[in-house]
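Single-structure report; data block below.
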Amino acid sequence: MIEQLKIGKLRWFHIAVANDENINFLKDNFDFHPLDIEDCQSKVQRPKIDTYDDYRFMILHFPYFDKAFKFVKTKEVKIFWGRDYVITLGTHWVISSLFKKTKKDADIDVDELANTSDVLLYSILDSLIGESLKLFTLISDNLDHISREMFDKKAEKTIERISITRKNLILLNTAFKPQIRLFQKFESGVIKGFTPGLEDYWGNILDSYRKVWDSIEDYQELIQGFSQTFDSLQANKTNEIMKVLTVFSTILLPLTFITGLFGMNVDLPLGENPLGFTFLIAFMVTLIAVLLFYFKRRRWI
């Protein structure tokens, strides 16, 4: 199903699924390059923009949070726009929501500039980036959990949170980095739309992308610091455990030797003495006390 909306002379077509019927609609009604049509049918493409005399074709990725798996995933959005039309392809709910809102407000009188394809494209992109920025609230909350849990005994939970956050930041990095270069071309005028004087609009989109990029870099540094701190804490805990085990081993070694020696079937001093066993126990207890005092004096425990 193709949703259609007309705003003055501007037409907006929204295609959720690129099935054969919808692809044939594009072929029959627009003179798009065959490779662009082919890209519409492919599910995974790198972000890019192709420019032609009478239209532009753009592929972008926008992340969303998958609550079931706790990971960030991306939805691909493909956009054709010409002088008097915009065609969006994709299942991103932000586009569907904006389409319904625009359709509801279509009868409201607006200035001529607002009824241009470039301004509509700006509104779509601004809404998509705004939704993407909400992800950083979730990542920030996750980092707060990590900072609190690091000093608890929930090592497995903390490791899981650190791993998930790192993976999400890597995916965000992969999604947004190539798109920044795209919109730098818009701001610099290397790529132009169909409405003059919109450099500030494209600059605003680029600023939003830079804000996202700065947040990604800040969070990557923060999670790296948390990871190193957590590793140090775990190493310190391991050292403490090994220290206790070493002390126990050191204490038990002479005791094991003494009990083994007196357990042999040979004549030994005090072997026949009725107080021999009592003396042996007292000696072993004294030895333990001396070793503990020595370890404490050396600050090993």
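Quick notes
- Those residues of segment 9-28 which are under 21 Å from Asp118 (Cβ atoms) and modelled with pLDDT of 90 or more, in sequence order: Arg11, Trp12, Phe13, His14, Ile15, Leu26
- Among the candidates Ile180, Ile205, Ile162, residue that is farther than 30 Å from Asp54 by Cβ and either at pLDDT 85 or above or in a helix (DSSP H, G or I) (or both): Ile162
- Looking only at segment 132-154, and only at residues there that are in contact with a strand residue (DSSP E or B) (Cβ under 7 Å, 6 or more places away or on another chain) and either surrounded by 17 or more Cβ atoms within 10 Å (Cβ to Cβ) or at pLDDT 90 or above (or both), the one that is farthest from Gln234 (Cα to Cα): Ser132
- Qualifying position, being touching an Asp or Glu at 6+ places or on another chain (Cβ under 8 Å) and outside any loop (DSSP other than H, G, I, E, B), among Val77, Val94, Val119: Val94
- Residues (closer than 26 Å to Lys100 by Cα and free of Cβ contacts under 8 Å to residues at least 40 places away in the same chain) located in segment 40-57: Gln41, Lys43, Tyr55, Phe57
- Check on Thr88, among the hydroxyl-bearing types (Ser, Thr, Tyr), surrounded by 12 or more Cβ atoms within 10 Å (Cβ to Cβ) and within 30 Å of Leu143 (Cα to Cα): no
- Test result for Val190, of a type outside the set (Gly, Ala, Ser) and surrounded by fewer than 18 Cβ atoms within 10 Å (Cβ to Cβ): yes
The values are calculated or read from the model by the stated rules, or taken from the named source; none is laboratory data. What you see is a predicted model, and the numbers here were worked out from it, not measured in a lab. Ideal geometry is used to build each Cβ from the backbone, glycine not excepted, and the neighbour counts take in all protein chains shown.
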